[in-house]
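For reference, the structure is listed below as structure tokens.
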Amino acid sequence: MSRGGSGYDRHITIFSPEGRLFQVEYAFKAVRTAGVTSIAVRGKDSVVFVTQKKVQDKLIDPTSVTRLFKITKYVGMLVTGLPADTRAIVQQARQQAADFRFKFGYEVPVDYLAKVLADKAQVYTQHAYMRPLGVISMLIGIDEERGPQLFKVDPAGYYVGYKATAVGVKETEAHNFLEKKLKGNPALSYDEAVITAISALQGVLSEEFKAADLEVGVVRNGPDGSDRAFRVLTTEEVDHFLTIISERD
């Protein structure tokens, strides 16, 4: 379908007279049509992201479906969008992280990894033989100097750090929810960050989730500040936070 017969939406690299790149806009639309909402929240000593656990077919083994990925021991990634494009960007991220570790001898910083992925995504908007990946990625980790870090990378090649953010079907409503919750820039503890993220997802979707319906990934500083590893919470841990939320409400 072209715009007034002009055909501007058939090309990735050609601007329409209104200054729009339709193929890039379609990539953003592809993220929303995935039918899930993902939310991330940064605390004073931790970063949390949560997404819906949706399996498209009842015959699919749910343990083989995930949107959370470990890029390195200390960096986690949540990818919302097309499953096939998800595999591609996760592979890119792991390759870049491994190359950085090999070249410099230490783990890749989250902001640098976000920059590299954004640079690649932006190049995809310049060449006619490529197409933008229909995914938006969230990267979390704890920087030794800057503390907890949360970055988002979109198909246009834009990346920036966030205190909290959302992606997907209900991202506008989620942003409004998070702005109210984080008004005054509170220093959230680990438990508060997890509860805020899950509460935001429940609030904007108006659903009461079971533990099996959610995927929650976290990085946090341990009591001595040494444990910064990324991990996915178990069903029991998620159920614990859901119980706290239900009792509070």
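The values are calculated or read from the model by the stated rules, or taken from the named source; none is laboratory data. The shown structure was predicted, so the numbers you read here are calculated from the model rather than taken from an experiment. Note: ideal-geometry Cβ built from the backbone for every residue, glycine included; neighbour counts use all protein chains shown. Each accessible area value is taken on the protein alone, full model and side chains, heavy atoms only, with ligands, DNA and RNA left out. Shrake-Rupley method; radii C 1.70, N 1.55, O 1.52, S 1.80 Å.
Cross-link partners of residue 58 among aspartates and glutamates, defined as those whose alpha carbon lies under 15 angstrom from its own and excluding same-chain residues fewer than eight positions apart: 213. Residue separation of residue 115 and residue 182 scaled by 0.36 nm, minus their Cα-Cα distance, works out to 21.5 nm of gained length. Between residue 106 and residue 213, the contour length at 0.36 nm per residue exceeds the alpha carbon distance by 34.9 nm. Residue 15 exposes around 130 Å² of accessible area when a 1.4 Å probe is run over every protein chain in place. Between residue 60 and residue 29, what is the label-to-label distance in nm when each label sits 7 Å out along the Cα-to-Cβ direction? Modelled inter-label distance: 2.3 nm.
Spacing of the modelled spin labels on residue 123 and residue 91, each 7 Å from Cα toward Cβ, amounts to 1.6 nm. In the context of the full set of protein chains, the chain has a per residue accessible area of 53 Å² (1.4 Å probe).
Heavy-atom accessible area for residue 170, with the other protein chains in place and a 1.4 Å probe, reaches approximately 70 Å². By the rule of a C-alpha distance below 20 Å, with chain neighbours fewer than 8 residues away ignored, the aspartates and glutamates paired with residue 29 are 9, 18, 85, 154, 171, 173. Taking the longest Cα principal axis of the chain as reference, the axis of helix 171-181 is set at about 40 degrees.
Cross-link pairs exceeding 27 Å between alpha carbons, from the set 54/103; 73/170; 44/115; 120/163; 70/152; 170/210: 54/103; 73/170.
Can you give the log10 of the normalised intensity I(q)/I(0) at q = 0.12, 0.16 Å⁻¹, computed with Debye over equal Cα scatterers of the chain? Log10 I(q)/I(0), no solvent term: -0.70, -1.18. Take the Cβ atoms of residue 14 and residue 173, set R0 to 30 Å, and the FRET efficiency comes out at 0.35.
Angle of helix 190-205 to the longest C-alpha principal axis of the chain, folded into 0 to 90 degrees and rounded to 10: 50°.
The accessible-area ordering, largest first, of the residues 80, 66 stands as 66, 80, per a 1.4 angstrom probe. Stretched out straight at 0.36 nm per residue, the stretch from residue 131 to residue 237 would grow longer than its current Cα-Cα span by 34.2 nm. Distance between the C-alpha centres of the range 157-219 and the range 23-74: 13 Å, rounded to the whole angstrom.
Taking 159, 129 and ordering them by how much accessible surface each has at a 1.4 Å probe, largest first, produces 129, 159.
For residue 175, the solvent-accessible surface with a 1.4 Å probe is about 50 Å², rounded to the nearest 10.
Largest mean-square fluctuation among 53, 180, 163, in a Gaussian network model of the chain whose springs join Cα atoms under 10 Å apart, belongs to 180.
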